[in-house]
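The structure appears right after this line, and notes come after that.
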Amino acid sequence: MEYLLASGVGLMTAAGVFLILRRHTFPVILGLALLSYAVNLFLFASGRVVIGMPPILTKDAAGYTDPLTQALVLTAIVISFGMSAVIVMMALGAFLETGHDRIDTHDGRTEDGGAGD
């Protein structure tokens, strides 16, 4: 189970970083979303992934799972949703103003002076 979670965090982080380094806004937004999912999974896994255990330690329970990390993940989900909405609106505004979604140029032209795609 730990290997699966670690692999999932690693793959989502690698894919998120790869997408953030693209030249268009949509892959950057997807990359940020993947990075936030990877962080959420990492936080969730750090709080003892135990199936069938209560979140609060009682006298008759054999163990417990940490409720703090679950609360942190729920908070992070809300924050990442709000962040994604703001970034999408900024990208849409930039696209409507410039007519393209490239993020590496200021006026839509490439470095050699030609028109961008």
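The values are calculated or read from the model by the stated rules, or taken from the named source; none is laboratory data. Computed from a predicted structure; not experimentally measured. Quick reminder, even Gly has a Cβ in these numbers, built from the backbone with ideal geometry, and neighbours come from all protein chains shown. Calculation scope for accessible area: heavy atoms of the full protein, side chains included, ligands and nucleic acids excluded. Shrake-Rupley method; radii C 1.70, N 1.55, O 1.52, S 1.80 Å.
A few points about this structure:
- On Cα atoms only, tilt of 67-98 relative to the major axis of the chain in degrees: 10
- Gaussian network model of the chain, springs between alpha carbon atoms under 10 Å - residue of A15, A94, A62 with greatest fluctuation: A62
- Computed label-point distance, nm, for sites M83 and K59 using a 7 Å Cα→Cβ extension: 4.4
- Measuring nothing but protein heavy atoms, the accessible surface of the chain at 1.4 Å probe radius is 71 percent carbon and sulfur.
- Residue (of T58, L30, A14) at the positive-pole extreme of the chain, dipole from beta-carbon charges: T58
- Largest to smallest accessible area among Y3, Y37, Y64 [probe 1.4 Å]: Y3, Y37, Y64
- Sorted peptide list for 95-103, 39-47, criterion being average Cβ within 10 angstrom, highest first: 39-47, 95-103
- Cα long-axis angle, helix 25-45 against the chain (0 to 90 degrees, to the nearest 10): 10
- Accessible area per residue, Å², the chain with all protein chains present, probe 1.4 Å: 72
- Accessible surface for M90 stands near 130 Å², nearest 10, in the context of the full protein assembly shown (1.4 Å probe).
- Using alpha-carbon coordinates, inclination of helix 2-20 to the longest axis of the chain, degrees: 20
- For segment 1-68, trypsin sites (Lys or Arg not before Pro) are listed when DSSP marks them as loop and at most 13 other Cβ atoms sit within 10 Å of their Cβ; the list is R23, R48, K59.
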